[in-house]
């Protein structure tokens, strides 16, 4: 018995639906026909692999990886955790990419127009590949909250975007990390696209005093869970699986 | 109390937002010097086996406007129909072809474009073959969870007619939304695959 079967069906009532009118951009960008349910084929059970050799030594250090004259400005933090699957097993070799605004809430992007200044020492991207136990860690600054054009006065809570490649294309996931204790989380039209409060809480990183670096950086713990696979008990293995 | 299943729930999705490029293709948004090259921009090396093709298109919202801030990922088999993945147990794929690509849609025209090779056929259940196809995954601002679809090839009529996945589509009128037309541009076979998020021509998206 091994995890060679298809992935557990995605719980679409746990994820945000496509059409969420409070988040206005979703109105014209949400498919209206039902999704076509497709049993996993080899096209979804496989996925690209990224070797540790693709990464440089500062890739997971957003405080330094773009720095020109000194460290990036802002509250220094470490974000660490594990990538697991729904069977609670670690996912080693997972590529996790991060991007975020700077401490003032400004993104380094040619289409960004917010008045908060750019930090010349902060690019805003990082990436890491999980180790044999599925662990990862990055160092960065806590991003600022910022206003965005949705309602006339909507604000995003401080957040870090992340993208995960597991072992199969069916596991592909992009989401956002929020911070414990932030009251802005519960006022956000994008957060509230997720219908279940427990699901939202899964996106809130926990402040971890025990793993802070004294006189240096706060620590936040954030585990990520990807889809898990069936065990192939009594099951004929699929061709090509 | 019954025994516990000890299973975790998947991390819920959130939109990739308008600045997904900072994380996915930083060089493309002029964040240079952090990493040498954006992952997934180049699929094909001189040694790669197979017919060179261009795959391009645009993604349209419900008003018919192309998305200029989307990110498109593709995943496909090599020319022999093998995936370059540890999960591929049928043989060894072309080592000069990763099968994975990632491109932003152009900030002015909304076009995405991949230079790749035409994939071989891969099996479905009971040794039946699927028609050659490229898996697509689309994220953008306003898309709350990544959209999975597939591109099939317009010049593979026979294979498309036999494909067990295309056969699953109840409303036959929607099958053409997955089939790219072939033309020639600058001497290269070019497949145009436009994706419609809504409307009469809404693309078939999959829950896989």
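What follows is calculated from the coordinates using simple rules that are stated; it is not laboratory data. Bear in mind that the values here come from a model prediction, so they are computed numbers and not experimental data. Glycine also receives a Cβ, built like all others from the backbone with ideal geometry; neighbour counts cover every protein chain displayed.
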- Note on the structure: Per the C-alpha gyration tensor (a ≥ b ≥ c, the square roots of its eigenvalues), chain A is rounded if a/c is under 1.5, else prolate if a/b beats b/c, else oblate; here it's oblate
- Message: For a distance above 24 Å, tell me the whole-number percent of Cα pairs in chain B that qualify.
- Response: 46 percent
- In deg cm²/dmol, rounded to the nearest 500, the helical mean residue ellipticity at 222 nm of chain B, built from -39500 (n - 2.57) for every DSSP H run of length 4 or more, is -1000 deg cm²/dmol
- Using the beta-carbon distance between residue B:36 and residue B:1 and R0 = 60 Å, what value does 1/(1 + (r/R0)^6) give for FRET efficiency, to the nearest 0.05? 0.65
- Residues of segment A:55-85 with amide N under 13 Å of the 7 Å Cα→Cβ point at residue A:116: A:73-75
- Query: How high is the relative contact order of segment A:36-176, in percent, with contacts defined as C-alpha pairs under 8 Å that are six or more residues apart?
  - Reply: 32 percent
- Item | Computed E for residue A:53/residue B:65 - FRET, C-beta separation, R0 51 angstrom, nearest 0.05 | 0.80
- Length-normalised contact order of segment A:140-201, Cα under 8 Å, at least 6 apart, in percent, tallies to 25 percent
- Sorted largest first, extent of the protein assembly as shown alpha carbons per principal axis (Å): 66, 56, 44
- For residue A:75 and residue A:152, calculate 0.36 nm times their separation in residues minus their Cα-Cα distance, and state this gained length in nm to one decimal. 24.9 nm
- Note on the structure: FRET efficiency for residue B:96 and residue B:186 from the Cβ-Cβ distance with R0 = 22 Å, rounded to 0.05, comes out at 0.40
- Item | Helical contribution to [θ] at 222 nm, DSSP H n ≥ 4, -39,500 (n - 2.57), averaged over chain A, rounded to 500 | -1000 deg cm²/dmol
- Over chain B, calculate the relative contact order: mean separation of alpha carbon pairs under 8 Å at least 6 apart, over the residue count, as a percent. 23 percent
